[in-house]
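Encoded as structure tokens, the structure appears first; notes follow it.
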Ligand code: MN
């Protein structure tokens with residue numbers, strides 16, 4: 001069973017992610033900031049890390065930097081989870097050592113696709129997680145909400 005580490009400071013978001021992942025058959029470990037995440041990685045060697053960017057103590061960017069400085073963690077897939085829906089952030093994230101990018105609110109299908117692609121458990125491996133135009137998704141959401 002693949003193990004996913006969720007590093008996220010908001011307990012509601014951690015619980016939501018845990019439920020989505022456990023439903024898909026993953027085992028889940030949690031950390032509430034980057035420093036705790038580094039400890040959990042040492043202890044339990046998860047297969048993939050979902051890393052919130054905005055966290056106290058050690059944020060997502062600093063955490064992924066520390067991970068990439070460690071040769072034994074070079075192949076650990078790290079997915080940024082961020083509330084920033086601004087154009088350009090995705091490029092900044094992918095240039096900072098992350099392997100993928102998911103924006104909140106988390107879409108269950110996108111989450112599964114991103115993890116499967118990075119773990120190599122999905123057939124269409126060319127399809128890396130990519131929401132190429134987040135503004136369109138926001139517009140669609142606003143339209144559904146009648147705004
Ligand atoms: Mn946060």
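The values are calculated or read from the model by the stated rules, or taken from the named source; none is laboratory data. What you are looking at is a predicted structure, and each value in this text was computed from that prediction instead of being measured. Neighbour counts are summed over all protein chains in view; Cβ atoms, including those assigned to glycine, are modelled from backbone coordinates with ideal geometry.
Overview of values
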| item | result |
| --- | --- |
| The range 86-105, subset under 25 Å from residue 16 (Cα atoms) and loosely packed, with under 15 Cβ neighbours inside 10 Å, residue nearest to the chain's Cα centre (by Cα) | 105 |
| Residue check for residue 95: out of contact with any strand residue (DSSP E or B) (no Cβ under 8 Å at 6 or more places or on another chain), at pLDDT below 95 and within 22 Å of residue 1 (Cα to Cα) | no |
| Residue 4 being more than 15 Å from the ligand (Cβ to nearest atom), modelled with pLDDT of 95 or more and part of a strand (DSSP E or B) | yes |
| Check on residue 38, crowded, with 21+ Cβ neighbours inside 10 Å and more than 16 Å from the ligand (Cβ to nearest atom) | no |
| Close pairs from the range 7-19: first modelled with pLDDT of 95 or more, partner within 11 Å of the ligand (Cβ to nearest atom) and in a helix (DSSP H, G or I), Cβ under 6 Å, at least 6 apart | 8/14 |
| Filtered residues of the range 12-29 (kept if within 13 Å of the ligand (Cβ to nearest atom) and touching a strand residue (DSSP E or B) at 6+ places or on another chain (Cβ under 9 Å)) | 13, 14, 17 |
